[in-house]
Amino acid sequence: IYATYGLLWVLALEGSAVALTGTAWRPTGATWVRVLSVVLALLFLRMLDEQKDLAYDRVHHPDRPLVTGAITVAELRGAMAALTAVVAGLNAALSATAVLLILAALGYGVFLAVLERLSAAVRDRHLLNLAVTYPVQVLLGVYVYGSLAAAGTVTADRRGALLLGLCACVFLHFEFARKTAWEAEPGTHLYSADLGPRGSAAVTAALAAGAVVCQVVLFAPDGAVGLLPCLTAVLPAWGARRFLAARRGGWPLLTATGFVVTTYLALALRAVLLP
């Protein structure tokens, strides 16, 4: 899952950034360094989450590897140290800026682990936790775009901010979808527990709409063909309809996952084909 997500995310972001300059885009060796770096960074953050969420997982996810003893905290931390060294070494081949940006994302993840341990509010209030933790995803997006700018491949401008906003909407749509349900067991971390099922569904749908708006602003100059990735919005629309009509269960995750995959895949293909 992480490998697929990291691959499609980097290809969509890099490809779109380059295509917006009017230059034909094809993956290069540097592209695959960015892909591998993001995948390894996501793995690093997953290892960190295993440790942060241990108390919660003991109650709600007893099959998690740290809970079952399949792996120890010491082993996880050793693997995290190794991943940090590998990621830094990979990006040293790109630029010092790339090294600093990817390490900033990993460092922010470690800071969050400390912050959650010290602050009950950050740990237990779901929306506050999201506001504090989501920037690590932003930092990974900034790493991809910033390393392109440092290499002279793109010139940083407002279109870069819109691209990062597009990626944020795509990811957050999935994040809200997987934590939106009509029912919730006591103690579960669902946004619908705070916003209500309809409120959480409205935010989930609005995030998908935000991704489409970003695409229209960025790609409308390319005409109807350039806007073909917007067609993926049919998936969250269908998901919203099914969720609201069912009045039970959770948001259909197949539609949310499909939206992430098809949007990023369509953006990457657009970058290859249009210029």
With Rg/Rh (Cα atoms, Kirkwood Rh) defined as stated, name the option among [x] 1.01; [y] 1.12; [z] 0.97 computed from the structure displayed.
[z]
Stretch gain in nm, segment Ala70-Leu254, where the contour uses 0.36 nm per residue and the Cα spacing is subtracted:
63.3 nm
Select from the chain the helices, each a whole stretch of DSSP H, whose alpha-carbon atoms run 30 Å or more along the helix axis and whose Kyte-Doolittle mean is at least 0.0; answer none if there are none.
29-52, 96-118, 197-219
Can you compute the modelled spin-label distance between Val216 and Val86, with each label point 7 Å from Cα toward Cβ, in nm?
4.3
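Calculated from DSSP H runs of 4 or more alone, at -39500 (n - 2.57) each and per residue, what is the 222 nm mean residue ellipticity of the chain, nearest 500?
On the way: 15 runs with 211 residues, N = 275.
Calculated from helices alone, the mean residue ellipticity at 222 nm is -25000 deg cm²/dmol.
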Averaging the inverse of every distinct alpha carbon separation and then flipping it gives the Kirkwood radius. What is it for segment 157-274, in angstrom units?
14.7
What whole-number value in cubic angstrom gives the convex hull volume per residue for the C-alpha atoms of segment 1-155?
116
Please give the length that would be gained between Leu115 and Leu273 if that part of the chain were fully extended, namely 0.36 nm times their separation in residues minus their C-alpha to C-alpha distance (nm, one decimal).
52.4 nm
In a Gaussian network model over the chain where Cα atoms closer than 10 Å are linked, find which of Arg117, Arg46, Arg34 has the largest mean-square fluctuation.
Arg117
If R0 = 25 Å, then Ile1 and Ala209, at their Cβ-Cβ distance, give a FRET efficiency to the nearest 0.05 of 0.50
Where only protein heavy atoms count, and the probe is 1.4 Å, what is the accessible area per residue for the chain in Å²?
47
Sequence of Arg247, Arg242, Arg159 when ordered by accessible area, the most exposed leading, probe 1.4 angstrom:
Arg247, Arg242, Arg159
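The values are calculated or read from the model by the stated rules, or taken from the named source; none is laboratory data. These numbers come from a predicted model, not from an experiment. Here Cβ is always computed from backbone atoms with ideal geometry, including for glycine, and neighbour counts include all displayed protein chains. In case anyone asks, the SASA skips ligands and DNA or RNA and just uses the protein heavy atoms, side chains included. Shrake-Rupley method; radii C 1.70, N 1.55, O 1.52, S 1.80 Å.
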